[in-house]
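In what follows, a structure is listed as structure tokens, so that the remarks can point back to it.
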Amino acid sequence: MAHDDINTLILKTEEWILPELESIFEKYECEDITVKAALYSLFAGGKRLRPMMMRLTSEMLGLPSEIDNDVKYFAATLEMLHTYSLIHDDLPALDNDELRRGKPTCHMEYGEGIAVLAGDLLLNKAMERLFSICEKEPGYIFASSAMAENAGIKGMLGGQSMDIDSEDKEISVDQLIQLQRKKTGAFIEAALVTPYYLFRKMTREESRRDKIAIRLNSLSFHIGLAFQIKDDILDVTSNCEILGKSTGKDARDSKATFVTLMGLELAERTLEAEIAEIKAYFAEFAEEGFDTTDFMTLTDYLYNRDR
């Protein structure tokens, strides 16, 4: 069976998710300036890695095609949450970035007030979608609740809070790992576990006992950590023309990163160890008969990427 390279995986994911993203707002709503700003960021490019992980998890586990539309629905909702976090992260009060994915950030294009509202809109609309699908399928309540938690103080928002609070302070590598487990890892966790939660119509208590759910959660921690270490490395080794966003801003803002705490050489070795750990998880899935080839392609990309 032929498998795809990373560019094909990105293209297939975009084709898969695009109709769902385009259906989020009604046509009449798109005349509103805040909706326009939200859509500007939602369609500003990017590799759609979190929707890709949802799609690949569904395919790896061989989940039935009947739930594909629901996986796609949750994937678009997660992409909305991720985009909201980027809009707010770029604001002058937080990271103060003027460039995202090679384009002016939302607040540079629409002003700070509308950018705040655009992020709020995507967050609120995502919550509306999670409630709405639970009305149709009550078995999705835990999947929706878990995704909401991954966006909140237990997840991305909590990581952002720790990140801001740690500026100009000395923190340990262990503290940084916990920070990034929330800030970066929470949405990756949602990407990996949600398709399985949907398939099993799983409850919270069941998720704590289910071996595959536990393994997917553990795997997501290592993928999130590898992703963030690579980001920190690129912040000092790449440039804005390649990355499509500002570089050197971690040092500018006196933020603790894996490079500033470990040094570049140790950060690179730690990244290699995390990639090896991720591949070991996928080897375990492969031994049980699951097709992990496309996920291995993604893993190699995460290690070798230059943006």
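A short reminder: the numbers here are calculations on the coordinates, not readings from a lab. Keep in mind that this is a model prediction, so the values were computed, not measured. Note that each Cβ is placed from the backbone with ideal geometry, even for glycine, and that neighbours are counted across all protein chains shown.
Values computed for the structure shown
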item: Semi-axis lengths (Å, descending) of the ellipsoid that matches the C-alpha gyration tensor of the chain; result: 27, 26, 18
item: Loop-resident sites, region 1-76, for trypsin sites (Lys or Arg not before Pro), counting at most 15 other Cβ within 10 Å (DSSP); result: 27
item: Residue 206-residue 27 pseudo-label distance in nm [points 7 Å out on the Cα-to-Cβ vector]; result: 4.1 nm
item: Placed amide H near residue 100: partners under 5 Å, 5+ positions off or other chain; result: 105
item: Stretchable slack from residue 137 to residue 304, in nm (0.36 nm times residue separation minus alpha-carbon distance); result: 56.1 nm
item: Whole-Å distance, taken between Cα centres, linking region 255-300 and region 176-195; result: 14 Å
item: Sequence-distant lysines (8 or more away, or on other chains) whose Cα lies within less than 16 Å of residue 36; result: 27, 103, 125
item: Pair residue 218, residue 112: separation of 7 Å Cα→Cβ label points (nm); result: 4.6 nm
item: For region 93-170, diffusion coefficient by Stokes-Einstein and Kirkwood Rh (Cα), 37 °C, 0.692 mPa s, µm²/s; result: 222 µm²/s
item: Mean separation of Cα contacts under 8 Å, 6 or more apart, over the residue count of the chain: relative contact order %; result: 20 percent
item: Zone residues, region 265-288, relative to residue 173, backbone N less than 12 Å from point 7 Å out along Cα-to-Cβ; result: 265-274
item: Helix-only [θ]222 nm of the chain, DSSP H runs n ≥ 4, -39500 (n - 2.57) each, per residue, nearest 500; result: -22500 deg cm²/dmol
item: Mean Kyte hydropathy of 0.5 or more with a Cα span along the axis of at least 20 Å, helices from DSSP in the chain; result: 112-136, 185-200, 211-237
item: Calculated diffusion of region 149-214, Stokes-Einstein form, Kirkwood radius summed over Cα pairs, 25 °C and 0.890 mPa s, µm²/s; result: 189 µm²/s
item: At most 12 other Cβ within 10 Å, DSSP loop - GluC sites (Glu not before Pro), region 1-89; result: 26
item: Among 267-276, 120-129, the order from most to least packed when residues are scored by Cβ within 10 Å on average; result: 120-129, 267-276
item: Listed pairs 47/211; 12/47; 183/211 exceeding 19 Å between Cα atoms; result: 47/211; 183/211
